[in-house]
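The values are calculated or read from the model by the stated rules, or taken from the named source; none is laboratory data. Not measured: the values here are computed from a predicted model. Heads up, the Cβs are rebuilt from the backbone with ideal geometry, glycines too, and the neighbour counts pull from every protein chain shown. For accessibility, only protein heavy atoms count, side chains too; no ligands or nucleic acids. Shrake-Rupley method; radii C 1.70, N 1.55, O 1.52, S 1.80 Å.
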There are 2 protein chains.
Amino acid sequence: MAGRVAGPEIERLIQLLARLPGLGPRSARRATLHLIKKKEQLLAPLAEAMRAALDAVRVCTTCGNVDTTDPCAICADPGRDPSVIVVVEDVSDLWALERAHAISARYHVLGGTLSPLDGIGPGDLNIAALVERAADPAVREIVLAVNATVEGQTTAHYITDQLEGIEVRVSRLAHGVPVGGELDYLDDGTLAAAMRSRTPF
Amino acid sequence: MAGRVAGPEIERLIQLLARLPGLGPRSARRATLHLIKKKEQLLAPLAEAMRAALDAVRVCTTCGNVDTTDPCAICADPGRDPSVIVVVEDVSDLWALERAHAISARYHVLGGTLSPLDGIGPGDLNIAALVERAADPAVREIVLAVNATVEGQTTAHYITDQLEGIEVRVSRLAHGVPVGGELDYLDDGTLAAAMRSRTPF
């Protein structure tokens, strides 16, 4: 802010909040003012919650999920099907599948996709541990739930190659018309895939 | 999140972040994941900055601005014109005028607008203190920089009535075409006001 109208503690809060995804400088200022106005109801609890999260958050050494326990609640849950591992790029994808109640299985978080241009090779992703887990005879299926992007598909192909020789079924998410989607607004590739994979009505 | 996938400390952070203006449940989850991934670079400094702001923030007893000192840096600045008080609804408006370098004067933050429907009367706003400040002979002009909304204008009229009998000029912001604005997209009221207030070229 020009001319430093607010004190340094306020300016610093604005600067740090502006680094959150979805918040720019303008909305960071608005958020900061909101926090200042609700000091006791919001600023104090949020400061405390961040402190607590800082101490509690762990990365699951089995699957790469973030949680407050290691192994994470999903890996430790005996009610989940141990024969299926769903491979996702990021924890946000894991959360999305869980919100959708898509499957009651275990996950494996890659931590990104292969991207030679960005210098991200197989060694930078959580792939070796996946191959190790897949070798467990209890595991029967690996679902490659990566994004339908070039990088996601490249990564899926690489993983499939790595799983060669292991007795495990490899599957991927179906392509098709999104629920509620209008054909007129869909791209040609999705429409063609939905037609190829048409199912009995 | 359905089924509590993440630990309670993570869930709590999502819930609190979702209460910030501009962040919904979805973006609060994304922000939380971002914070967790950047624990040392962002989560820790942000927790610390919130703690510091919590201790440092004061409301200026003179003008109602928020800052880390009381009187605030603007009220304490000897370089500002002491004869002009700019009346704004909210601290965010004060910040906006300061960013624009609109004027080098002092401010008075009302803390809202008159709104009988919401039960907000003159006693709920910082108006009595404004009248007191206006009575200081050093003050020559009160600029009513309230929003051009019905509530803002009602509040401006009420304040003008209260200032009756005090030797002070009362002005308001000009209406007109926004800089860079296209006539075709402007409402009729703004266009008519801009025409009425046309200036020599």
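Observations
- Every residue from the stretch A:154-190 that is open to solvent by less than 80 Å² (accessible area, probe 1.4 Å), hydrophobic (A, V, I, L, M, F, W, C) and farther than 24 Å from A:D81 by Cβ: A:V177, A:L186
- Of the residues making up the stretch B:81-103, those that are crowded, with 16+ Cβ neighbours inside 10 Å, more than 11 Å from every other protein chain (Cβ to nearest Cβ) and not hydrophobic (A, V, I, L, M, F, W, C) number 1.
- Here B:Y158 meets the list (1) closer than 21 Å to B:A102 by Cβ; (2) part of a helix (DSSP H, G or I) almost entirely, failing just condition (1).
- Residue list for the stretch A:17-52, filter: surrounded by fewer than 22 Cβ atoms within 10 Å (Cβ to Cβ) and more than 7 Å from every other protein chain (Cβ to nearest Cβ): A:A18, A:G24, A:P25, A:R26, A:A28, A:K37, A:K38, A:E40, A:Q41, A:E48
- Scope the stretch B:134-153; condition open to solvent by 40 Å² or more (accessible area, probe 1.4 Å) and modelled with pLDDT of 95 or more; matching residues: B:A135, B:D136, B:P137, B:A138, B:R140
- Test: residue in the stretch A:114-136 that is within 25 Å of B:R26 (Cα to Cα) and either part of a helix (DSSP H, G or I) or in contact (Cβ under 8 Å) with a residue 12 or more places away in the chain (or both): no
- Whichever residue in the stretch B:57-70 is crowded, with 17+ Cβ neighbours inside 10 Å and more than 14 Å from B:H108 (Cα to Cα) and, among such residues, is nearest to the other protein chains (Cβ to nearest Cβ): B:T68
- Complete set of residues in the stretch B:104-113 that are under 15 Å from B:V146 (Cα atoms) and outside any strand (DSSP E or B): B:L110, B:G111, B:G112, B:T113
- Selection from the stretch B:169-189 of residues that are under 30 Å from B:G119 (Cα atoms) and not charged (D, E, K, R): B:V170, B:S171, B:L173, B:A174, B:H175, B:G189
- Here B:V109, B:V84 are screened, and the one residue that is assigned by TED's automatic domain parsing to the domain that holds B:A128 and out of contact with any Leu (no Cβ under 9 Å at 6 or more places or on another chain) is B:V84.
- Meets criteria (aliphatic (A, V, I, L, M) and within 24 Å of B:V66 (Cα to Cα)) for B:V131: yes
- Listed here are the helices (runs of 4 or more DSSP H) enclosed by the stretch A:13-87 that have at least 3 residues being free of Cβ contacts under 8 Å to residues at least 24 places away in the same chain and under 17 Å from B:P45 (Cα atoms): A:25-37, A:44-56.
- Reported count of residues in the stretch A:116-133, each being open to solvent by 60 Å² or more (accessible area, probe 1.4 Å), within 22 Å of A:R106 (Cβ to Cβ) and touching a Gly at 6+ places or on another chain (Cβ under 8 Å), is 0.
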